[in-house]
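One structure is given here, and the rest of the page talks about it.
The values are calculated or read from the model by the stated rules, or taken from the named source; none is laboratory data. As the structure is a computational prediction, the values presented were derived from the model and not from experiment. Glycine gets a Cβ as well: all are built from the backbone with ideal geometry, and neighbour counts include every protein chain shown. In case anyone asks, the SASA skips ligands and DNA or RNA and just uses the protein heavy atoms, side chains included. Shrake-Rupley method; radii C 1.70, N 1.55, O 1.52, S 1.80 Å.
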Amino acid sequence: MLVGAHVRGGGALADVVGRGADLGAQAVQIFTQSPRMWRPSRHTPEAIAQFRQAMAAQVQVQAVFCHATYLVNLGSADPELLARSQACLVDNFAVATAMAADGLVLHVGSHRGAGLAGCLEQVVTSLVGTLEAVDPLPGSTSCPILVENAAGAGGTIGRDFDELSIIVDRVGSERLGVCLDTQHLWASGVDFSTEEGADQVVARLEAGVGLDRLRCIHLNDSAVALGANRDRHANIGAGTIGADGLAALLGHPALESVPVVLEVPGDGSGPTAEQVQLAKEVVAAGVARRSH
């Protein structure tokens, strides 16, 4: 299992690789543009080529994920916001694809209490349209869009496995996968802190979206209680899940090939090398428990 971290942007795009390596990360995640602004980052073809060259020139960072802008809301009933969201998603996906990323993680958005059924068609249409607008990078594995499970606050879309499965099934593309966030899962009321609970999570994933669609795990402890329905990340071992609870899930043999990305606060500026090392220890502890 590759263990990595979300790393800050800024400067040359290729610098992301070195920042990840300095953390001891085997996988990195970045935003393709500012997460809270509509204005896209204008990465030149030369900058993207230099990023790919930087990846090819080293062996430590083996996977790269991009994260779409938080402002995207494919469930919005506002036509203007929906149009901006669709355009922004296409731009984010184009950058991730050009980078030969292993996936673009997406928060689908919120239906504002109207229910998934009321906005499902536009969500599906938006995702299909994005996939059709961006061709795969020649000579490279196709970069998928990875819809992320939500913590369950308000009318967030993807708050459970059933909603994720519905979206994936309706889009019907191999270029659509899933990212599982441990804090969001915990906050939505799913207890995976024992081996029995972890087994149930894996079984539900396999029966729903399919384990082959799970391409990334966001590894986070939770600053809120089980079922609190709030998106509040905590450093590994400093939250209500705890290192042992996270190990129960991460040690599951069906997840051993899924890259893990930390999105923890660290020292206030994001994941630290210490948190990456702790995450590796948590994974190792989980694997060891399963091997006995």
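So how many residues does region 61-77 have that are over 22 Å from Val105 (Cα atoms) and at pLDDT 95 or above?
0
Among (1) crowded, with 24+ Cβ neighbours inside 10 Å; (2) of a type in the set (Val, Ile, Thr); (3) farther than 21 Å from Glu121 by Cα, which single condition is Val105 missing?
With (1) crowded, with 24+ Cβ neighbours inside 10 Å; (2) of a type in the set (Val, Ile, Thr); (3) farther than 21 Å from Glu121 by Cα applied to Val105, the lone miss is (3).
Within region 73-91, can one find any residue that is more than 21 Å from Leu176 (Cα to Cα), touching a Gly at 6+ places or on another chain (Cβ under 7 Å) and part of a loop (DSSP other than H, G, I, E, B)?
Within region 73-91, not a single residue is more than 21 Å from Leu176 (Cα to Cα), touching a Gly at 6+ places or on another chain (Cβ under 7 Å) and part of a loop (DSSP other than H, G, I, E, B).
With the requirement that a residue be assigned to a strand (DSSP E or B) and either of a type in the set (S, T, N, Q) or open to solvent by 10 Å² or more (accessible area, probe 1.4 Å) (or both), what does region 22-37 give you?
Listed by number, the residues that qualify are Gln29, Phe31.
Per-residue answers, yes or no, for (1) hydroxyl-bearing (Ser, Thr, Tyr); (2) closer than 27 Å to Val202 by Cβ; (3) modelled with pLDDT of 95 or more; (4) touching a Ser or Thr at 6+ places or on another chain (Cβ under 7 Å):
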| site | (1), (2), (3), (4) |
| --- | --- |
| Ser85 | yes, no, yes, yes |
| His111 | no, no, no, no |
| Ser140 | yes, no, no, no |
| Gly152 | no, yes, no, yes |
| Glu163 | no, yes, no, no |
| Asp169 | no, yes, yes, no |
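For region 169-183, give me the residue count where each residue is out of contact with any strand residue (DSSP E or B) (no Cβ under 6 Å at 6 or more places or on another chain) and hydrophobic (A, V, I, L, M, F, W, C).
1
Quick check, is Gly239 open to solvent by less than 30 Å² (accessible area, probe 1.4 Å) and either part of a helix (DSSP H, G or I) or under 30 Å from Gly9 (Cβ atoms) (or both)?
For Gly239, the condition - open to solvent by less than 30 Å² (accessible area, probe 1.4 Å) and either part of a helix (DSSP H, G or I) or under 30 Å from Gly9 (Cβ atoms) (or both) - is met.
Take the residues in region 255-279 that are surrounded by fewer than 16 Cβ atoms within 10 Å (Cβ to Cβ) and within 18 Å of the chain's Cα centre (by Cα), then tell me which one is farthest from Leu214 (Cα to Cα).
Looking at the filtered set, the residue picked out is Glu256.
Within region 250-292, count every residue that is assigned to a loop (DSSP other than H, G, I, E, B) and modelled with pLDDT under 95.
First pass over region 250-292, keeping only residues assigned to a loop (DSSP other than H, G, I, E, B): 251-252, 256-259, 263-265, 267-269, 271-272, 292.
Now drop any that are not modelled with pLDDT under 95, which leaves 267-269, 292.
Of the residues in region 250-292, 4 are assigned to a loop (DSSP other than H, G, I, E, B) and modelled with pLDDT under 95.
Go through the residues of region 110-128 one by one and say whether even a single one is open to solvent by 10 Å² or more (accessible area, probe 1.4 Å), touching a strand residue (DSSP E or B) at 6+ places or on another chain (Cβ under 7 Å) and among the β-branched types (Val, Ile, Thr).
Within region 110-128 (the criterion being open to solvent by 10 Å² or more (accessible area, probe 1.4 Å), touching a strand residue (DSSP E or B) at 6+ places or on another chain (Cβ under 7 Å) and among the β-branched types (Val, Ile, Thr)), the answer is no, since none of the residues qualifies.
Could you list, in sequence order, all residues of region 38-62 that are in a loop (DSSP other than H, G, I, E, B) and free of Cβ contacts under 8 Å to residues at least 12 places away in the same chain?
Across region 38-62, the qualifying residues are Arg39, Arg42, Thr44, Ala57, Val59.
List every residue pair whose Cβ atoms lie under 7 Å apart, where the two residues are 6 or more positions apart in sequence or sit on different chains, the first residue falls within region 105-122 and is closer than 24 Å to Asp91 by Cβ and among the small types (Gly, Ala, Ser), and the second residue, located anywhere, is open to solvent by 20 Å² or more (accessible area, probe 1.4 Å) and modelled with pLDDT under 90.
What qualifies is Ser110/Gly154.
Can you tell me how many residues within region 139-154 are without any contact (Cβ under 8 Å) to a residue 40 or more places away in the chain and crowded, with 21+ Cβ neighbours inside 10 Å?
So the answer is 1.
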